[in-house]
1. For the range 104-150, what are the residues that are among the aliphatic types (A, V, I, L, M) and touching a His at 6+ places or on another chain (Cβ under 7 Å)?
2. Tell me which residues, restricted to the range 249-269, are closer than 24 Å to Trp128 by Cβ and either open to solvent by 60 Å² or more (accessible area, probe 1.4 Å) or of a type in the set (A, V, I, L, M, F, W, C) (or both).
3. Would you pick out the residues in the range 206-232 that are over 17 Å from the mean Cα position of the chain (by Cα) and either crowded, with 22+ Cβ neighbours inside 10 Å or over 16 Å from Met255 (Cβ atoms) (or both)?
4. Take the residues in the range 97-115 that are out of contact with any Ser or Thr (no Cβ under 7 Å at 6 or more places or on another chain) and in a loop (DSSP other than H, G, I, E, B); name whichever of them is surrounded by the fewest Cβ atoms within 10 Å (Cβ to Cβ).
5. Please tell me if Asp285 is of a type outside the set (A, V, I, L, M, F, W, C) and surrounded by fewer than 16 Cβ atoms within 10 Å (Cβ to Cβ).
6. What's the number of the condition Ala118 fails, among (1) open to solvent by 80 Å² or more (accessible area, probe 1.4 Å); (2) touching a Leu at 6+ places or on another chain (Cβ under 6 Å)?
7. Could you check Ala138 against (1) of a type in the set (Gly, Ala, Ser); (2) surrounded by fewer than 16 Cβ atoms within 10 Å (Cβ to Cβ); (3) farther than 25 Å from Leu320 by Cβ and say which number it fails?
8. Of these, Ala277, Ala272, Ala300, Ala295, which one is farther than 21 Å from Ala200 by Cβ and buried (at least 22 other Cβ atoms within 10 Å of the Cβ)?
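The values are calculated or read from the model by the stated rules, or taken from the named source; none is laboratory data. In this text the structure is predicted, and so the values were computed from the model without any measurement. Neighbour counts run over all protein chains shown; Cβ positions are idealised from the backbone, glycine included. Accessible surface areas use protein heavy atoms only, side chains included; no ligands, DNA or RNA. Shrake-Rupley method; radii C 1.70, N 1.55, O 1.52, S 1.80 Å.
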Amino acid sequence: MPAPWADLPREPLAALPTPLHRLPRFGAAIGADVWIKRDDAGAVGLAGNKVRKLEFVLGAARREGADAIVIVGAEQSNACRAAAAACAQLGLRCVLVLSGDQPERASGNLLLDRLYGAEVRFAGTTDWAALADAAAQADDELRAAGATPYRLPAGASSPLGAVGFAVAFFELLDQLEAAGLARATVVHASSSGGTHAGLAAGRRLAGRGPLIHGIGVADDIHPDMPGAYAELATGALELLGGDGTIAPDDLWLDMRFLGRGYAIPTPEAGEAIRLLARTEGIVCDPVYSGKALAALVAAARGGEVDGPVVFWHTGGWHALFAPRFGDAVLDAGAPRG
């Protein structure tokens with residue numbers, strides 16, 4: 001039978017399937033059987049979990065005749081960087097509406113945004129509702145100038161974007177079966193909700209598979225984060241022909257590792273990032289994946305891990321090259337030499 005997503009528009013952007021492999025030295029260090037799903041792997045621009053979402057939303061944009069993309073995000077947004085790279089590859093104009101004020105120097109993801117030719121606009125605010133208004137204004141300006149824009153939410157996290165991770169869930173099922181892992185738990189970073197929602201929709205559609213544990217790294221993108229995730233998951237499930245709804249109580253979302261807020265590094269994340277880097281040569285950032293990794297380390301050391309655990313590396317390592325994030329990881333982990 002054809003896959004339930006076969007008729008949905010899709011642009012092939014990611015090198016799939018991404019690898020799944022064991023982390024023997026890291027696992028030994030924290031006392032757990034740890035595997036890693038490597039969505040961080042791939043081209044510099046098109047690496048990370050956002051690319052799976054963009055395959056479907058940009059597929060829809062092109063089917064609708066769009067010639068420009070508008071997307072909102074933070075200064076070091078992975079979604080914006082991936083959108084900029086994808087638009088360069090597909091020949092689409094890319095307008096990024098970023099939070100805050102323009103920094104004196106472009107670094108990390110912002111440097112890549114500019115390298116890929118995106119038009120970057122700083123909104124001068126960190127309020128997500130105000131950012132959405134600024135994106136709507138950019139959309140209107142493009143239309144008035146004769147363009148056909150397609151506007152994306154933060155993280156490209158729409159029901160269609162979440163479909164990318166429902167597909168990813170089936171990809172993981174095949175890999176777990178090939179590795180002989182009858183049961184496992186997935187741990188991943190969760191912010192705008194598309195990854196979490198898509199995995200939940202995929203699990204509901206499959207009727208089996210690993211438990212999904214989302215680690216919250218933002219709490220202000222939606223007024224009701226669990227409710228928004230559930231709405232995205234239900235929307236993705238509907239697009240895939242699944243029955244029923246997914247409720248907030250169906251989602252496991254742990255906010256204990258957020259710290260003082262989105263994009264504010266925590267000591268626990270820094271420790272976890274250094275441990276993974278020094279045992280396996282794999283890096284995470286302190287905004288997204290590092291906080292999820294910290295949750296995994298705490299669970300393992302607290303004796304809360306039962307069976308194999310898959311750390312879904314959602315990418316984001318580019319932010320380490322922004323001085324305030326790279327320094328936060330290294331300064332807490334002296335010596336450096």
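1. Passing the criteria: only Leu112.
2. Scanning the range 249-269 gives Leu251, Trp252, Leu253, Met255, Arg256, Phe257, Leu258, Arg260, Ala263, Ile264, Ala269.
3. Residues satisfying the conditions are Ala206, Gly207, Arg208, Gly209, Pro210, Leu211, Glu231.
4. Glu104
5. no
6. With (1) open to solvent by 80 Å² or more (accessible area, probe 1.4 Å); (2) touching a Leu at 6+ places or on another chain (Cβ under 6 Å) applied to Ala118, the lone miss is (1).
7. (2)
8. Ala272
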